[in-house]
Amino acid sequence: MEAPLQQLHSKVWEDQGIALWVKREDLLHPTISGNKWRKLRYNLQEAKRLQHDTLLTFGGAYSNHIAAVAAAGQEFGFRTIGIIRGEEHLPLNPTLSFATSAGMQLHYISREAYRQKSDAVYLEQLAGQFGNPYIIPEGGTNALAVKGCTEIVSDISIDYDYICCASGTGGTLAGIIAGLDGKGQVLGFPVLKGGEFLKEEIEQLITRYNGQHYDNWQLITDYHFGGYAKVKPELLDFMRSFQQEHHLPLEPVYTGKMFYGLVDLIQKGYFPEGSSIVAVHTGGLQGNAGFKERLGLEV
Ligand SMILES: *Cc1c(COP(=O)(O)O)cnc(C)c1O
């Protein structure tokens, strides 16, 4: 699988001799978007190998992961069950309407019940209820997802000093760090408030994947804009002008925040002159339709 690299040009970084590239993971697949395709790939193989005919996973009502699993089930011949946090709202929002049209069966649970999503007893109960499905955790993050995400870096053909990625559960970042195996510098931009908690999660994911410990990465926790899926006018203004200037589609939950943070760091002189930077576009553009509907926002 290859995602193209796109170079972005602007005086903002080129005056500092900095080269900026975008790894267009959003172009990997039309409906199994970006990093979710990387995270699912080996899980789908494992589900086939273990002869499961059903995939079951978890997510919020606007989840990119829910949309991706629904699309993957349709393409690779699995039934899909989506355990959705919260109550059903009709008509379905664009994400859930896409998921059901791809054949996913939705099952709503309360926010309290949803907290049990990684509890072994609860998972066993779900397995009984839904006919022994292959269970994929929320956001798709597990060891096979980390393995898939190592391929984001093995697929980059140029030399670079820094690689940047937005981070939710940390699975994608763990894969990038493990894939680099100590080379270069990795910057993760958590999109949740209090993203420092990810440090330990990511270390555990890497240890479980290859038993290693790396020091060439850090979390940049200043660009969450108030928390998960929260936006501010300055973020939306930045996205509008950035998209227009670079012909690069963004969404406000992940990639908008990462690029905002990255450009801000460049402007503050964070990167040494002459650096080359790869920013990973993790996809997620399906979420824009829901954002527009929910907030009346044009992004
Ligand atoms: C899910 C998602 C992420 C976060 O990935 P994690 O592996 O959970 O950190 C980043 N960007 C986009 C567009 C996503 O959909």
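Check cross-link reach from K147 to the lysines: straight Cα distance under 20 Å, and skip same-chain residues fewer than eight apart.
Candidates past the 8-residue exclusion: K23, K36, K39, K48, K183, K199.
Quote the Stokes-Einstein diffusion coefficient, in whole µm² s⁻¹, for the stretch 137-183, based on the Kirkwood radius over alpha carbon pairs, a temperature of 20 °C and a viscosity of 1.002 mPa s.
Value of D from the Cα-based Kirkwood radius: 196 µm²/s.
Can you classify the stretch 35-140 as rounded, prolate or oblate using the Cα gyration tensor, where a ≥ b ≥ c are the square roots of its eigenvalues, rounded means a/c under 1.5, and otherwise it's prolate if a/b beats b/c and oblate if not?
oblate
Which of H89, H107, H281 comes first, and how do the rest follow, when ranked by fewest Cβ neighbours within 10 Å?
Fewest-to-most Cβ neighbours within 10 Å comes out as H89, H107, H281.
Using 0.36 nm per residue of separation minus the Cα-Cα distance, give me the extension gain between Q267 and E201 in nm, one decimal.
Extra length available between Q267 and E201 comes to 20.7 nm.
For the chain, give me the percentage of DSSP beta bridges that are antiparallel, rounded to the nearest 5 percent.
Of the beta bridges lying entirely in the chain, close to 10 percent run antiparallel.
If you wrap a convex hull around the C-alpha atoms of the stretch 145-299 and split its volume per residue, what is the figure in Å³?
117
Suppose each label sits 7 Å from its Cα in the direction of the beta carbon; what would the V12-E87 distance come out to in nanometres?
4.2
In whole angstrom, and with the biggest value first, how far do the Cα coordinates of the chain range along each principal axis?
Projected onto its principal axes, the Cα set of the chain covers 59, 46, 33 Å.
In what sequence, highest mean first, do 262-268, 132-138, 229-235 appear when ranked by Cβ atoms within 10 angstrom?
Final packing ranking: 132-138, 262-268, 229-235.
Rounded to the nearest Å, what's the spacing between the alpha carbon centres of the stretch 14-75 and the stretch 169-202? Just the number, please.
What the calculation gives is 17 Å, centre to centre.
What does the charge add up to near C149, with Lys and Arg as +1, Asp and Glu as -1, over the other residues with Cβ less than 9 Å from its Cβ?
Summing Lys/Arg as +1 and Asp/Glu as -1 gives +2.
Given a Förster distance of 22 Å, report the FRET efficiency between S110 and D237 from their Cβ-Cβ distance, rounded to the nearest 0.05.
The pair S110/D237 has a calculated efficiency of 0.05.
Where does the chain land at 222 nm, in deg cm²/dmol rounded to the nearest 500, when only DSSP H runs of n ≥ 4 count, each adding -39500 (n - 2.57), divided by all residues?
-12500 deg cm²/dmol
Under 16 Å between alpha carbons, and skipping anything fewer than 8 positions from K232 in its own chain: which lysines qualify?
Reachable lysines: K193, K257, K292.
For the stretch 1-88, go through all pairs of different Cα atoms, get the mean of 1/r, take its inverse, and jot down that Kirkwood value in Å.
15.1
Quick note: the coordinates plus some simple rules give every number you see, no bench work behind them. Here the structure is a predicted model, which means the values were calculated and not measured. A quick note on method: Cβ atoms are made from the backbone with ideal geometry, for glycine too, and the neighbour counts reach across all protein chains shown.
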